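I have placed the structure first, in the form of structure tokens, so that the comments after it can refer back to it.
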Amino acid sequence: MKILVTYFSQTGNTRQIANAIHNEIVKKQDCELIALENIHPEDLKKYQMIFVGSPIHAGGLAAQVTAFLDSIPIDPGFTMAAFITHAASVYEPASFNKGVKAFEASAAQKNIAFHGIFSCQGKLTTALHDFVKASKKLSDDEWEKRKAEFNQHPNAEDEKMASAFARKIIEDAT
Ligand SMILES: Cc1cc2nc3c(=O)[nH]c(=O)nc-3n(C[C@H](O)[C@H](O)[C@H](O)COP(=O)(O)O)c2cc1C
């Protein structure tokens, strides 16, 4: 089985999880890791399974990932799993549900068997700290608490859970 791990990542969190998933799968399978911006629709024909990763932007998937999912034809000949990173410790806890649903809906619409989704807390880029702190009306103390929490992710434990997620999917499929 030939497998692709692809992702969009603005600040590195989703790439870190993509790496962990790829490192796990490549131990036993033919697996390539390619950033989304380097994928051409024609390339997808050679895979039997793809893992697609996105950061959560404004509660949904990154626009680049939405465009990629839209470009997949119906019945593409591969199955799909997904992974997201988010900063839900400073956004609403459920702020990534729209992204999860978008992956599920896209798979259903394209008649793609969907293996599930792995979600993981990520750091929030410092460029957004002041904006998010103000828009969520967080006190200095509360902000520092949440910052200390999100700054720890993704960590080694997250990578381990991402690996376990990928391992289970591959085991179930082979
Ligand atoms: C423009 C923008 C919007 C974001 N919106 C959300 C959001 O609605 N909910 C959330 O939980 N995280 C949000 N985040 C945080 C990112 O999802 C999180 O930091 C993610 O791990 C970034 O992944 P990356 O490093 O791969 O780009 C946003 C980040 C950016 C840059």
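The values are calculated or read from the model by the stated rules, or taken from the named source; none is laboratory data. Here the structure is a predicted model, which means the values were calculated and not measured. When we count neighbours, we look across all protein chains shown, and the Cβ atoms used for this are built from the backbone with ideal geometry, even at glycine.
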**Item:** Only listed residue being basic (Lys, Arg) and over 18 Å from the mean Cα position of the chain (by Cα), chosen from 101, 46
**Value:** 46
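Name the residue that is nearest to residue 107 (Cα to Cα), counting only residues in the stretch 32-61 that are of a type in the set (A, V, I, L, M) and within 15 Å of the ligand (Cβ to nearest atom). Don't jump to the end; show me each part of the working.
Looking only at the stretch 32-61, we keep the residues that are of a type in the set (A, V, I, L, M), and these are 33-36, 39, 44, 49-50, 52, 56, 58, 61.
If we keep only those that are within 15 Å of the ligand (Cβ to nearest atom) too, we end up with 33, 35-36, 52, 56, 58, 61.
Working: 33: 20, 35: 20, 36: 17, 52: 11, 56: 18, 58: 21, 61: 14 Å.
This residue is 52.
Give the stretch 79-109 a look and list any residue that's in a loop (DSSP other than H, G, I, E, B) and in contact (Cβ under 8 Å) with a residue 40 or more places away in the chain, or say none. Walk me through how you get there before you give the answer.
Applying the first criterion (in a loop (DSSP other than H, G, I, E, B)) to the stretch 79-109 yields 87-96.
Answer for the stretch 79-109, where residues must be in a loop (DSSP other than H, G, I, E, B) and in contact (Cβ under 8 Å) with a residue 40 or more places away in the chain: 87, 89, 90, 91, 96.
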**Request:** For residues that are in contact (Cβ under 8 Å) with a residue 24 or more places away in the chain and out of contact with any Ser or Thr (no Cβ under 9 Å at 6 or more places or on another chain), scanning just the stretch 1-18, find the one that is farthest from the ligand (Cβ to nearest atom).
**Result:** 2
**Complete:** Residue pairs qualifying under the 6 Å Cβ cut-off, at least six apart or on distinct chains, with the first in the stretch 19-44 being within 14 Å of residue 171 (Cα to Cα) and the second being of a type in the set (Ser, Thr, Tyr) and crowded, with 16+ Cβ neighbours inside 10 Å, are 24/163
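Among the candidates 29, 64, which residue alone is polar (S, T, N, Q), within 30 Å of residue 153 (Cα to Cα) and more than 15 Å from the ligand (Cβ to nearest atom)? Reasoning before the result, please.
Values: 64 fails: more than 15 Å from the ligand (Cβ to nearest atom).
Only one candidate qualifies: 29.
Can you confirm whether the stretch 61-77 contains a residue that is part of a loop (DSSP other than H, G, I, E, B) and touching a His at 6+ places or on another chain (Cβ under 9 Å)? Write out each step before concluding.
If we filter the stretch 61-77 for residues that are part of a loop (DSSP other than H, G, I, E, B), which is where we start, we get 62, 72-77.
Restricting the remaining residues to those that are touching a His at 6+ places or on another chain (Cβ under 9 Å) gives none.
No, the conditions are met nowhere in the stretch 61-77.
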**Message:** Report every pair of residues separated by at least 6 positions or lying on different chains whose Cβ atoms are under 9 Å apart, first residue within the stretch 126-140 and more than 16 Å from residue 88 (Cβ to Cβ), second of a type in the set (Ser, Thr, Tyr).
**Reply:** 127/11
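Could you say which residue among 63, 58, 67 is at positive phi and either free of Cβ contacts under 8 Å to residues at least 24 places away in the same chain or of a type in the set (Ser, Thr, Tyr) (or both)?
Values: 63 fails: at positive phi; 67 fails: at positive phi.
Going through 63, 58, 67 in turn, the sole match is 58.
Out of 133, 137, 160, 123, which single residue is surrounded by 12 or more Cβ atoms within 10 Å (Cβ to Cβ) and either farther than 26 Å from residue 12 by Cβ or more than 16 Å from the ligand (Cβ to nearest atom) (or both)?
Details: 133 fails: either farther than 26 Å from residue 12 by Cβ or more than 16 Å from the ligand (Cβ to nearest atom) (or both); 137 fails: surrounded by 12 or more Cβ atoms within 10 Å (Cβ to Cβ); 123 fails: either farther than 26 Å from residue 12 by Cβ or more than 16 Å from the ligand (Cβ to nearest atom) (or both).
Unique residue meeting the criteria: 160.
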**Tally, over the stretch 29-43, of residues that are over 19 Å from the mean Cα position of the chain (by Cα) and crowded, with 16+ Cβ neighbours inside 10 Å** = 1
**Request:** Return the total of residues in the stretch 60-96 being closer than 30 Å to residue 144 by Cα and buried (at least 16 other Cβ atoms within 10 Å of the Cβ).
**Result:** 14
**Failed item in (1) farther than 20 Å from residue 13 by Cα; (2) at pLDDT below 95; (3) of a type in the set (Lys, Arg), with residue 146 passing the rest** = (1)
